[in-house]
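Peer 1: Once you've had a glance at the structure underneath, I'll fire off some questions.
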Amino acid sequence: MMNQTEVCSVMNDSAWLAFCESVLEVQRSNFMKEMEERLRVFGSKSSMGMFDSAVLLALVRKFAPSVCVETGGNLGMSSSFILQGMYEAGIQGGKLLSVEVDPKIPVGSMIPERLRSGFNPLFGDVKHLMKKEVFPEQIDLFLHDSSHRYKYQSLEFRYFWTKLRSSGVLVSHDVNFNASFVDFVSSTYRHDKIGVTDWARTTHRVWGRLGTIGFIVKA
């Protein structure tokens, strides 16, 4: 288990500055221009915004996950940025499981062809898929972007947190919609008798928010 010094060093001032610069780099990239063009072709309904997508790619590039799960995959805007992030992080044979509840949606149609090899669509309600145990036992990154109802989000956070490896990242879009994300983060803290954070028992390393993307890194 990490001590307090190690926890703080995960995203200290210099690390946060580097991360923000990484987001700006994504915004200026050719990939961003490519995805802006694909939005014009495929449409932007229910797609993650460009700034939040840049934050997502920067997170993937920083933490280099190999096995990812997202809910609310839709046309594949967030999927594209996750897959591109894995590519830029040098991940070989990476896998993204993308859940979509509506079978009429052409899931992943927005994803550039060169990134499709690691893309695995799943259709159905997440709750039902949980019961069928279709998800890997261990994952490196989870993105919530399905129903933004408090109970539904809380359910997804709790379930996929148990599947995250140490140093895995839980990400949520639209964290401003309700208190589910901040409440979940609060649940991962442990405190000593006088109310100071007990890092030996706290189950996260660091958490933060940029735009409407929230993330928390598992200890």
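Peer 1: Going residue by residue through segment 171-187, is there one that turns out to be among the small types (G, A, S), in contact (Cβ under 8 Å) with a residue 40 or more places away in the chain and in a strand (DSSP E or B)?
Peer 2: Step one: list which residues in segment 171-187 are among the small types (G, A, S), which gives 172, 179-180, 186-187.
Cutting the leftovers down to in contact (Cβ under 8 Å) with a residue 40 or more places away in the chain gives us 172.
Still in the running and in a strand (DSSP E or B): 172.
Looking through segment 171-187, at least one residue is among the small types (G, A, S), in contact (Cβ under 8 Å) with a residue 40 or more places away in the chain and in a strand (DSSP E or B).
Peer 1: Right, something else. Given the condition outside any helix (DSSP H, G or I), among the small types (G, A, S) and either in contact (Cβ under 8 Å) with a residue 24 or more places away in the chain or surrounded by 13 or more Cβ atoms within 10 Å (Cβ to Cβ) (or both), answer yes or no: does some residue in segment 188-199 qualify?
Peer 2: No: zero hits.
Yes/no matrix, rows are residues, columns are (1) at pLDDT below 95; (2) within 24 Å of E37 (Cα to Cα); (3) in a strand (DSSP E or B); (4) more than 16 Å from the chain's Cα centre (by Cα):
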site	(1), (2), (3), (4)
L83	no, yes, no, no
Y87	no, yes, no, no
G90	no, no, no, yes
L96	no, yes, yes, no
P103	yes, no, no, yes
P106	yes, yes, no, yes
I111	no, yes, no, yes
E137	no, no, no, yes
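Peer 1: Here's a follow-up. Answer yes or no: is there a residue in segment 162-174 that is surrounded by fewer than 16 Cβ atoms within 10 Å (Cβ to Cβ), of a type outside the set (F, W, Y) and touching a helix residue (DSSP H, G or I) at 6+ places or on another chain (Cβ under 8 Å).
Peer 2: So far as segment 162-174 goes, yes, one or more of its residues are surrounded by fewer than 16 Cβ atoms within 10 Å (Cβ to Cβ), of a type outside the set (F, W, Y) and touching a helix residue (DSSP H, G or I) at 6+ places or on another chain (Cβ under 8 Å).
Peer 1: Moving on to the next point. Across segment 1-58, which residue is modelled with the lowest pLDDT among those that are closer than 16 Å to F215 by Cα and part of a loop (DSSP other than H, G, I, E, B)?
Peer 2: M11
Table: residues versus (1) among the hydroxyl-bearing types (S, T, Y); (2) surrounded by fewer than 24 Cβ atoms within 10 Å (Cβ to Cβ).
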position: P65; (1), (2): no, no
position: V69; (1), (2): no, no
position: G72; (1), (2): no, yes
position: G76; (1), (2): no, no
position: S79; (1), (2): yes, no
position: L83; (1), (2): no, no
position: L96; (1), (2): no, no
position: V101; (1), (2): no, yes
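Peer 1: Given the structure, is S147 under 24 Å from T188 (Cα atoms), of a type outside the set (A, V, I, L, M, F, W, C) and in a loop (DSSP other than H, G, I, E, B)?
Peer 2: For S147, the condition - under 24 Å from T188 (Cα atoms), of a type outside the set (A, V, I, L, M, F, W, C) and in a loop (DSSP other than H, G, I, E, B) - is met.
The values are calculated or read from the model by the stated rules, or taken from the named source; none is laboratory data. Quick caveat, the model's predicted, so the values are computed rather than measured. All Cβ positions, glycine included, derive from the backbone under ideal geometry; neighbour counts span all protein chains shown.
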